[in-house]
C-alpha cells in the first residue's frame, strides 16, 4: 500500500480531485492524505473522495504546534502554505508512522502537488527508490540551457517528493521543517527561496540516502518538456500542470507555457486534452453536490508596469492562451510559440 499526501484549498479543489482520480486509477491501493486548508474543501472531499482518501483539517495539524502558529502570523497565506510543505508529511509520519490502533503504519510517504496528473503507474518512482535503498527522493527541474537562470529559485522541484519512515527520512523532514519555520517567503533572499531552495543542500546532506530520480516521465512540466522530448523512450508517468487554468468558460485556457516555450500542438493535445476532460469531470462532480461551483476567477495582476507590457508583447507574438476544440489546443501562431522561452531569455540577457 502506497501512502501519498498533498494539500490544497478551495481554489485547487478541482485539480486536487482530478489528481486523485488519476492516481487511484493507476494505483488501486493508493491512500491519499489531504490536508484540507478550508472547511469547504474538507466537506467536499469527505463526500466524494472515497475511503482511501483521508481528509485532515488544517486545524488538526496546527493544534498544539506553537512554532507553526508563530510562523503563520508573520507571513502571507501563500507563504504559510509553503511552510506547510515539510510540516504536513512530518506530522503524518509522527502520527501514523507506526502501526497502531488505526492499523495504518506509513512506511513511506510521497508528497504530490495538487496540479499533478498521472498517465501511468507511479511504480517507477518506488522501484527506483528501492533499488538504491534511498531514504529520500527528489526530482530536478531539468531546465533546458536557456532557462538555467531559474535555478536560482532551486535546482529541485517540490512537486514530487518521497521520504521513507527511517532515521534519514525523518531527519530530512525535521531539518526542512526547522528551515521553513525560520524563513519561508515568496522572494529570493540570501540564497533562499520559499520552501524550495532548501532542497539544494540535500545531496550533500543526505549523500547516498538521497535519490535524484532520473526518470524524465516523472514530473514532466512546462519548464522541462523541451529537455525531455529527446527521451521519448521513457513513458510519461505524471505531468505537472503548473499555471494551467481556464480563461473564462471552457474554450480558452492559459497554458502557463509562454515563459518557457509553448509545446507543439500534437504533444499538448495528447497531454492537456485528457487533463482538461478530467478537470471538467471533477468540476461537474463537485457542482452536482455544490450548485454553482466552478473554477475560481483569478486576477490578471497590474497592467501598468514594464513587465506586464513586455509579457503582453510576448503573448501577441507567441501566444500562450490556447483555444480548445475537443482534445485539441490551438495556439494560433503556426508553431512560433515554441521559441517564446528562448526569446524571453535573450531579452532578459540583453537587459542585464
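The values are calculated or read from the model by the stated rules, or taken from the named source; none is laboratory data. Bear in mind that the values here come from a model prediction, so they are computed numbers and not experimental data. Methodologically, a virtual Cβ is constructed for each residue, glycine included, from the backbone with ideal geometry; neighbour enumeration extends over all protein chains shown.
For residue 199, the stated conditions hold: it is farther than 23 Å from residue 338 by Cα and either in the same structural domain as residue 259 (by TED's automatic domain parsing) or part of a helix (DSSP H, G or I) (or both).
Here residue 64 fulfils each of the conditions (1) out of contact with any helix residue (DSSP H, G or I) (no Cβ under 6 Å at 6 or more places or on another chain); (2) outside any helix (DSSP H, G or I); (3) modelled with pLDDT of 95 or more apart from (3). In region 166-179, the count of residues that are free of Cβ contacts under 8 Å to residues at least 60 places away in the same chain, in a loop (DSSP other than H, G, I, E, B), outside the structural domain of residue 258 (by TED's automatic domain parsing) and surrounded by 14 or more Cβ atoms within 10 Å (Cβ to Cβ) is one or more.
Residues being within 22 Å of the chain's Cα centre (by Cα) and assigned to a loop (DSSP other than H, G, I, E, B): count how many of those fall in region 107-133. Reasoning before the result, please.
Step one: filter region 107-133 for residues within 22 Å of the chain's Cα centre (by Cα), giving 108-129.
Now drop any that are not assigned to a loop (DSSP other than H, G, I, E, B), which leaves 113-115, 119-122.
The number of residues fulfilling the criteria is 7.
Of all residue pairs spaced 6 or more apart or on separate chains, those with beta-carbon atoms under 6 Å, a first member in region 337-352 that is closer than 15 Å to residue 311 by Cβ and a second member that is part of a loop (DSSP other than H, G, I, E, B) are 337/262; 337/319; 337/331; 340/258; 340/261; 340/262; 341/260; 341/261. In the set (1) crowded, with 21+ Cβ neighbours inside 10 Å; (2) more than 25 Å from residue 178 (Cβ to Cβ), residue 84 fails one condition alone, (2). Within region 317-345, the set of residues being over 22 Å from residue 147 (Cβ atoms) and part of a loop (DSSP other than H, G, I, E, B) comprises 326, 327, 332, 334. Suppose we filter region 280-311 for residues that are surrounded by fewer than 11 Cβ atoms within 10 Å (Cβ to Cβ), part of a helix (DSSP H, G or I) and either on the phi > 0 side of the Ramachandran plot or modelled with pLDDT of 60 or more (or both); how many remain? Within region 280-311, residues that are surrounded by fewer than 11 Cβ atoms within 10 Å (Cβ to Cβ), part of a helix (DSSP H, G or I) and either on the phi > 0 side of the Ramachandran plot or modelled with pLDDT of 60 or more (or both) number 0.
Of the residues 237, 212, which is farther than 24 Å from residue 21 by Cα and within 19 Å of the chain's Cα centre (by Cα)? I'd like the intermediate steps shown before the answer.
Numbers: 237 fails: farther than 24 Å from residue 21 by Cα.
Just a single option satisfies the conditions, and that option is 212.
Of all the residues that make up region 202-226, how many are without any contact (Cβ under 8 Å) to a residue 60 or more places away in the chain and part of a helix (DSSP H, G or I)? Qualifying residue count for the region: 5.
Scan region 180-196 for residues that are assigned to a helix (DSSP H, G or I) and within 21 Å of residue 5 (Cα to Cα) and jot them down. Break it down into steps so the answer makes sense when it comes.
Taking region 180-196 and keeping what is assigned to a helix (DSSP H, G or I), we get 180-182.
The answer is 180, 181.
Going by what's in this entry, would residue 272 be described as surrounded by 13 or more Cβ atoms within 10 Å (Cβ to Cβ), touching a helix residue (DSSP H, G or I) at 6+ places or on another chain (Cβ under 8 Å) and either part of a strand (DSSP E or B) or modelled with pLDDT of 90 or more (or both)?
Values: surrounded by 13 or more Cβ atoms within 10 Å (Cβ to Cβ): yes; touching a helix residue (DSSP H, G or I) at 6+ places or on another chain (Cβ under 8 Å): no; either part of a strand (DSSP E or B) or modelled with pLDDT of 90 or more (or both): yes.
No: the conditions fail for residue 272.
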